[in-house]
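Every number here is computed from the coordinates shown, using simple stated rules; none is lab data. No experiment lies behind these values; they were computed from the predicted model shown. Cβ placement follows ideal geometry from the backbone for every residue including glycine, while neighbour counts extend to all protein chains displayed.
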Amino acid sequence: DYDGELYGTITSAETGLALTGVEIVIMMGGPADSSNSGGDWWDNFRAISDENGDYSFPNLPDGDINIWVQYSGYEYFFGTATIEGATQFDIALSPLPGVGSISGNVSYDSSNDPASAFLWLIEVGGWGYEMGWTMTDPTGNYQLSVPEGDYYVVCMGNDRPNLPGSDSIFYHFE
């Protein structure tokens, strides 16, 4: 066990809003020694940002790491950090040019309570390509970044299994 930790929040550089469901990959390595058969070693670790955009990698040794982040509709991020105990590393992703967003709120008709739901963005036409996904935040809000085009947003509630499975909404963005 190690005492190091990397943690932080992933946000949109444009809006400052937290980005949910972002995959963060870190890579750390070290020189050859007797424990790795004489070769340099590299380990990859993955985390997904939660509904507040927060992520965490516990149990890391102190040292240098590489960080990669890729999220639909945003520029790719690569950076480095030095782990020294608990290390905060917040990342603000920049939207790609020509990309906007679709946002809204998911609630239940009968009570107007916020829904906990998965949402998929499906391109209309072609092969119905999945352009991205997200989850609602604790208040039922969501945001998806999209290039110009026509889309279906498919919503599936995940906190009330006895309700009907899913619904979809058509959006035109230009």
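R0 = 41 Å: FRET efficiency of Asp113 with Asp3, Cβ-based, nearest 0.05?
0.50
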- Want the number for Tyr152 to Met135: 0.36 nm per residue separation, take away the alpha-carbon distance, what's left? 4.6 nm
